[in-house]
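Novice: Provided herewith is a single structure, encoded as structure tokens, for subsequent inquiry.
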Amino acid sequence: MQKLNHSVLFIKSSDPAVLQATCTVMQHLNHIEHPFALTTETAALLNDTTSTVTEMDALPSECDHIIVIGGDGSLLSAAKPAARQDIPVIGINLGTLGFLTDVCPTDLRALTDILSGHYLIEPRGLLEVSLSNQHSDLALNDIVLSRHAARLLAYDVFINEEFICAQRADGLIISTPTGSTAYALSAGGPIIHPQMQAISLVPLCPHRLNSRPIIVPATSVIDIYLTLEHSNSDTLLSCDGFDLKCSDLKQASIFQSKQTLKLLHPLNYNYFEALKSKLHWERSATLSDQ
């Protein structure tokens, strides 16, 4: 793989552990003489007035990757600007799970190896949503339809212009394989390997027991139509946990974006090992142990 030449450091948390880890990474980059810049938000959180600063949404051409320090939420914040600019991301994990940020903050050797060109590159698909009011956005994990009030949503689901079902539920999660281990998993959705080209639809607390999660090809176009007039004004639609500003929502179209996020992993990265570690899957006891 190609050697990486210039880093951009991104954090979004003022947690002391994140700030300390960021300072350690900066010291390490200076030690190995690897150029880097801080995003404006990162410099403000660190109170750093001496480092080179850049805007996350308009990175200079010499910056060929982003180092995100924090949890999966921090990486989700960096995902859209990274994908739009086709810049790969390295995630250093200081969160609780870390399905996306997989480099240990104390393992600077692994970071050095990645910067030296010893890494695996993994493209992750994103979803795009287009609303009836022409607003659009991207999501790495999921797009969620829900309500302000504690009342049911009523909606019709169409896939590739074919009617699939009418549902009443607290909401609906439309998830990428990446997001299948996030909100969708807690709502009873399936775990989908990130190399699968698929989209899952997981109803939230459906009114009918026969409303089940389904998985469709990633080439599908999913149209959601709200069917109760009073629900249009208090319906929420969020992308990766960030609410979209939309009023009088009637319809949303969701489909796989042409843009992808490129994650850079250490050479020893293994998705199933990460699953076993994060979800605490254990081996069965052997006969000799019984």
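Novice: Residue 103 - would you say it is assigned by TED's automatic domain parsing to the domain that holds residue 218 and either out of contact with any Ser or Thr (no Cβ under 7 Å at 6 or more places or on another chain) or modelled with pLDDT of 95 or more (or both)?
Specialist: No; evaluated as a whole, the condition is false for this residue.
Novice: Follow-up. Looking at residue 192, is it crowded, with 19+ Cβ neighbours inside 10 Å and either in contact with a helix residue (DSSP H, G or I) (Cβ under 6 Å, 6 or more places away or on another chain) or assigned by TED's automatic domain parsing to the domain that holds residue 271 (or both)?
Specialist: Spelling it out, residue 192 is indeed crowded, with 19+ Cβ neighbours inside 10 Å and either in contact with a helix residue (DSSP H, G or I) (Cβ under 6 Å, 6 or more places away or on another chain) or assigned by TED's automatic domain parsing to the domain that holds residue 271 (or both).
Novice: Can you say whether residue 212 is touching a residue at least 24 places away in the same chain (Cβ under 8 Å), surrounded by fewer than 16 Cβ atoms within 10 Å (Cβ to Cβ) and over 23 Å from residue 128 (Cβ atoms), as far as the supplied structure shows?
Specialist: Spelling it out, it is not the case that residue 212 is touching a residue at least 24 places away in the same chain (Cβ under 8 Å), surrounded by fewer than 16 Cβ atoms within 10 Å (Cβ to Cβ) and over 23 Å from residue 128 (Cβ atoms).
Novice: Go through segment 121-136 and give me each residue that's surrounded by fewer than 20 Cβ atoms within 10 Å (Cβ to Cβ) and either touching a residue at least 12 places away in the same chain (Cβ under 8 Å) or assigned to a loop (DSSP other than H, G, I, E, B) (or both).
Specialist: If the condition is that a residue be surrounded by fewer than 20 Cβ atoms within 10 Å (Cβ to Cβ) and either touching a residue at least 12 places away in the same chain (Cβ under 8 Å) or assigned to a loop (DSSP other than H, G, I, E, B) (or both), then 121, 122, 123, 128, 130, 131, 132, 133, 134, 135 are the ones that fit.
Novice: Are any residues in segment 33-52 out of contact with any strand residue (DSSP E or B) (no Cβ under 9 Å at 6 or more places or on another chain) and closer than 18 Å to residue 62 by Cα, and if so, which ones?
Specialist: Across segment 33-52, the qualifying residue is only 33.
Novice: How many residues are among the β-branched types (Val, Ile, Thr), buried (at least 17 other Cβ atoms within 10 Å of the Cβ) and more than 22 Å from the chain's Cα centre (by Cα) if we restrict to segment 157-189?
Specialist: 2
Novice: If you don't mind, there's one more thing I want to ask. Give, as residue ranges, the strands (runs of 3 or more DSSP E) completely inside segment 145-185 that count at least 2 residues that are in contact with a Pro (Cβ under 7 Å, 6 or more places away or on another chain) and in the same structural domain as residue 195 (by TED's automatic domain parsing).
Specialist: 162-169
Novice: Test residue 140 against the stated conditions and say whether it is in contact (Cβ under 8 Å) with a residue 40 or more places away in the chain and surrounded by 15 or more Cβ atoms within 10 Å (Cβ to Cβ).
Specialist: yes
Novice: Does any residue of segment 225-232 turn out to be within 14 Å of residue 173 (Cα to Cα) and in contact with an Asp or Glu (Cβ under 8 Å, 6 or more places away or on another chain)?
Specialist: no
The values are calculated or read from the model by the stated rules, or taken from the named source; none is laboratory data. Values in this document were obtained by computation on a predicted structure and should not be read as measured data. Positions of Cβ are generated from backbone atoms using ideal geometry, with glycine treated the same way; all protein chains shown enter the neighbour counts.
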